[in-house]
Amino acid sequence: MNDRKVGNIGQGDFIKLCADAGLSCGTSQGDDYAGWDFFVDFPLTQIKNALLDEDERAIECKVQVKSSDNTNKSVQVKLSNLKRFCDSTLPCFFFIAEYNGKINPDNIYLIHTDEALIFKILKRLRENQASENLPLNRITMNITYSASDEIKDFSGKALKEKIESYVKDGMNIYVKRK
């Protein structure tokens, strides 16, 4: 029997990457019933005449960490957690680390809960409501990822840039659009 706790390894690596990038990273302290493992805050940018320019919010996001010794390019997520990601106005992500039995990840990925994923989640929610109507925490959904989700470099800078690429127009616009 293998006592390896690959989930803890992944969470530790995520914390390390956030620290490397200068990002504040708070945990959900145990139970992740809210659907996220980490709440990430970016530093506040200094804007001259902030009040006149409609001060741009610092990026804030929720992240659920999934780590594995597999490379099947999909993770199982409870539908209740997925619904919370859909309902949140904040950017929400899945950070995936593939270890393949090693201490350092072979690959890391960041999956954004974007329009296409939200559509799939809402469709699955409607299907459940129309048929079995099971509690959402008892249903899982496969979330797939690919090379386009990959973070090419194991560094805080690369993680920060990947998150920023999804919020490139700023938090105010992101929140209104979502």
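The values are calculated or read from the model by the stated rules, or taken from the named source; none is laboratory data. Since the structure is predicted, the reported quantities are computational estimates derived from the model, not experimental observations. Cβ: placed from backbone, ideal geometry, glycine included. Neighbour counts: every protein chain shown. With ligands, DNA and RNA removed, areas are computed over all heavy atoms of the protein, side chains included. Shrake-Rupley method; radii C 1.70, N 1.55, O 1.52, S 1.80 Å.
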Helix-only mean residue ellipticity at 222 nm for the chain, each DSSP H run of n ≥ 4 adding -39500 (n - 2.57), per residue, nearest 500: -10000 deg cm²/dmol
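For MET171, MET141, write out the residues from largest to smallest accessible area, computed with a 1.4 angstrom probe and no ligands counted. All intermediate terms of the calculation are to be shown ahead of the outcome.
Details: MET171 0, MET141 25 Å².
From most accessible down to least: MET141, MET171.
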For segment 59-145, share of DSSP beta bridges that run antiparallel, in % to the nearest 5: 60
Point-to-point label distance, ASN72-ASN137, nm (Cα→Cβ direction, 7 Å offset): 2.4
Could you pull out every residue, at least 5 positions away or on a different chain, whose amide H is within less than 5 Å of the one on TYR99? Hs are placed 1.01 Å off N in the peptide plane, and Pro or chain starts have none. SER68, ASP69, ASN70, ASP106
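Among residues other than GLY170 whose Cβ falls under 9 Å from its Cβ, what is the net charge (Lys/Arg +1, Asp/Glu -1)? It would help to have the intermediate numbers written out before the result.
Values: positive: ARG57, LYS168; negative: GLU56, ASP169.
Overall, the nearby charge balance is 0.
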Residues of segment 127-153 with amide nitrogen under 20 Å from the 7 Å Cα-to-Cβ point of ASN104? 150-153
Could you order ILE143, ILE173 so the one with the most accessible surface comes first? Probe is 1.4 Å. ILE173, ILE143
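Roughly what % of DSSP beta bridges within the chain run antiparallel, to the nearest 5?
Working: 21 of 28 bridges.
DSSP beta bridges in the chain are roughly 75 percent antiparallel.
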Given the whole protein assembly as supplied and a 1.4 Å probe, what does the accessible area of ASP69 come to in Å², nearest 10? 60
For ARG177, ARG57, give the ranking by accessible area with the largest first, probe 1.4 Å. ARG177, ARG57
Out of residues 5 or more away from THR140 or on other chains, whose amide H comes under 5 Å of its own, with H placed 1.01 Å from N in the peptide plane? LEU79
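Return the FRET efficiency for the residue pair LEU122, ILE173: r is the Cβ-Cβ distance, R0 is 22 Å, and the value is rounded to the nearest 0.05. Can you show the working numbers first?
Values: r = 22 Å, r/R0 = 1.00.
According to the calculation, E is roughly 0.50.
Explain nothing, just the number: relative contact order of the chain, from Cα pairs under 8 Å at least 6 residues apart, as a whole percent. It would help to have the intermediate numbers written out before the result.
Details: 274 pairs, mean separation 45.0, N = 178.
After rounding, I find 25 percent.
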